[in-house]
Amino acid sequence: MTPEQSDTIHSPDTTMLAAVGMIEASEGEYRMRATGASMLPLIRQGDILAIQRIRTGFIPGQILVYRVGVRLIAHRLLRLSGGEVSIAQTMGDNSVKADPAVSMEQWIGIAIAIQRNQRWMPLDTSAWKGVNPILSRLGSVRNRLFRDEDGRNSQLRRWSQQLARMGFYLVMTISIALFGRWRD
């Protein structure tokens with residue numbers, strides 16, 4: 001099994017564990033096929049992500065790839081906390097709530113490019129590096145709006161949530177149009 005296939009299996013499987021272990025044990029670049037819709041509109045089901053294996057130097061807004069059990073997940077990094085024992089807060093671009101905290105031991109690396117229809121879009125360009133912090137902040141705002149801590153769900157709150165979601169999609173769509181240069 002190749003690392004490219006690593007996130008296409010969602011059940012505990014020895015082949016999947018071997019692929020994840022191979023990625024975790026070495027340095028370099030690997031590929032995985034995206035499944036699901038949590039990173040729409042940027043990443044679509046079937047896209048292939050190029051993953052750079054790194055353990056430090058993450059920047060909010062980058063797409064962090066991490067392990068949960070035998071699954072690999074690629075979600076946008078909202079923030080880091082915890083000092084030496086770092087904890088990451090991530091969220092899918094198409095999700096309404098942030099993921100549970102991700103510990104440093106789960107981190108695999110970052111997505112540095114997307115392949116779709118035999119064309120590549122690099123994500124490690126200076127343009128994406130500039131827009132990533134904005135996307136991270138917008139994700140944090142959306143997460144706060146969708147948290148239902150007090151149990152109330154007023155009409156104003158629902159409108160605010162819709163506005164935040166539409167605003168994020170607008171910024172993401174403009175970012176893809178401006179910075180998403182597909183290459184052969």
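Data table
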quantity: Residues satisfying the stated conditions in region 55-79, i.e. within 10 Å of the chain's Cα centre (by Cα) and among the aromatic types (Phe, Trp, Tyr); calculated: Tyr66
quantity: Among (1) at pLDDT below 90; (2) of a type in the set (A, V, I, L, M); (3) in contact with an Asp or Glu (Cβ under 9 Å, 6 or more places away or on another chain), the one test that Ile114 misses; calculated: (1)
quantity: Selected residue (criterion: modelled with the lowest pLDDT) from residues of region 23-46 that are surrounded by 14 or more Cβ atoms within 10 Å (Cβ to Cβ) and of a type in the set (Ser, Thr, Tyr); calculated: Tyr30
quantity: Scan of region 27-61 for residues that are basic (Lys, Arg) and free of Cβ contacts under 8 Å to residues at least 40 places away in the same chain, ordered by number; calculated: Arg33
quantity: Filtered residue count, region 117-157, keeping only those that are modelled with pLDDT under 80, aliphatic (A, V, I, L, M) and either surrounded by 14 or more Cβ atoms within 10 Å (Cβ to Cβ) or under 21 Å from the mean Cα position of the chain (by Cα) (or both); calculated: 1
quantity: Count of residues meeting criterion [within 18 Å of Ile63 (Cβ to Cβ) and more than 11 Å from the chain's Cα centre (by Cα)] in region 80-95; calculated: 4
quantity: Residue list for region 158-184, restricted to those being touching a residue at least 12 places away in the same chain (Cβ under 8 Å), surrounded by fewer than 14 Cβ atoms within 10 Å (Cβ to Cβ), assigned to a helix (DSSP H, G or I) and not β-branched (Val, Ile, Thr); calculated: Gly167, Leu178
quantity: Flag for Arg67 being more than 27 Å from Gln162 (Cβ to Cβ) and touching a helix residue (DSSP H, G or I) at 6+ places or on another chain (Cβ under 7 Å); calculated: yes
quantity: Residue within region 1-22 that is touching a Leu at 6+ places or on another chain (Cβ under 7 Å), under 25 Å from Leu170 (Cα atoms) and either at pLDDT 85 or above or polar (S, T, N, Q) (or both) present; calculated: no
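Per-residue answers, yes or no, for (1) in contact (Cβ under 8 Å) with a residue 24 or more places away in the chain; (2) out of contact with any Gly (no Cβ under 9 Å at 6 or more places or on another chain); (3) among the aliphatic types (A, V, I, L, M):
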| site | (1), (2), (3) |
| --- | --- |
| Leu78 | yes, no, yes |
| Gly83 | no, yes, no |
| Ser103 | no, no, no |
| Ile108 | yes, yes, yes |
| Ile114 | yes, no, yes |
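The values are calculated or read from the model by the stated rules, or taken from the named source; none is laboratory data. Computed from a prediction, not measured in an experiment: that's the story for all the values here. Neighbour counts are summed over all protein chains in view; Cβ atoms, including those assigned to glycine, are modelled from backbone coordinates with ideal geometry.
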